[in-house]
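Colleague: Take a look at this one; I'll ask things after.
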Amino acid sequence: IYCLPVICEPERIIQFRVPWVDDQGHTHVNRGFRVQFSQALGPYKGGLRFHPSVNQSIIKFLGFEQIFKNALTGLPLGGGKGGSDFNPKEKSEAEVLRFCQAFMSELFAH
């Protein structure tokens with residue numbers, strides 16, 4: 001069976017906003033993403049990327065790549081990836097923590 005067309009398209013793409021508060025009390029809103037590819041081998045596995053250049057296309061590619069990384073290492077896991085255009089550089093540890101908590105709270109809703 002030719003499976004490439006099946007695994008090229010993600011099973012799920014989630015895009016959401018992530019409101020968070022900085023150390024000065026100002027509210028910021030970043031964009032969050034989660035892409036899930038083939039779970040034929042098992043549940044989705046993939047990390048998070050936080051960088052100002054992150055967009056849906058980048059997360060989609062990284063999730064697709066994760067399918068092969070998991071399969072080639074013998075892990076019975078599908079591919080997934082998440083991320084945001086949040087820039088953790090020059091942020092305090094507390095700001096990064098608040099952003100991560102907000103990111104997971106918003107993602108949990110989906």
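The values are calculated or read from the model by the stated rules, or taken from the named source; none is laboratory data. Because the structure is a prediction, the values reported are computed rather than measured. Here the Cβ positions follow ideal geometry from the backbone for every residue, glycine too, while neighbour counts run over all protein chains shown. When the accessible area is computed, the model is the full protein with side chains, heavy atoms only, and any ligands, DNA or RNA have been set aside. Shrake-Rupley method; radii C 1.70, N 1.55, O 1.52, S 1.80 Å.
Colleague: Name every residue in the stretch 67-110 that is closer than 25 Å to Ile7 by Cα, in contact (Cβ under 8 Å) with a residue 12 or more places away in the chain, open to solvent by 40 Å² or more (accessible area, probe 1.4 Å) and not aliphatic (A, V, I, L, M), in order of residue number.
Modeller: Scanning the stretch 67-110 gives Pro76, His110.
Colleague: Of the numbered conditions (1) of a type in the set (Val, Ile, Thr); (2) under 17 Å from Glu106 (Cα atoms); (3) exposed (fewer than 14 other Cβ atoms within 10 Å of the Cβ), Val18 satisfies every one except a single condition; which is it?
Modeller: Condition (3) is where Val18 drops out.
Colleague: Please work out which residue is farthest from Gln66 (Cα to Cα), limiting yourself to the stretch 21-38 and to residues that are touching a residue at least 40 places away in the same chain (Cβ under 8 Å) and open to solvent by 70 Å² or more (accessible area, probe 1.4 Å).
Modeller: Within the stretch 21-38, the match that is farthest from Gln66 (Cα to Cα) is Asp23.
Colleague: Report whether or not Phe64 is exposed (fewer than 14 other Cβ atoms within 10 Å of the Cβ) and modelled with pLDDT of 85 or more.
Modeller: no
Colleague: Taking the criterion of being among the hydrophobic types (A, V, I, L, M, F, W, C) and touching a Gly at 6+ places or on another chain (Cβ under 7 Å), would at least one residue in the stretch 81-90 satisfy it?
Modeller: There is no residue in the stretch 81-90 that is among the hydrophobic types (A, V, I, L, M, F, W, C) and touching a Gly at 6+ places or on another chain (Cβ under 7 Å).
Colleague: Would you please list the contacts, defined by Cβ atoms under 8 Å and residues six or more apart or on different chains, that run from a residue in the stretch 39-56 that is at positive phi to a residue that is open to solvent by 60 Å² or more (accessible area, probe 1.4 Å)?
Modeller: The qualifying pairs are Gly42/Leu75; Gly42/Pro76.
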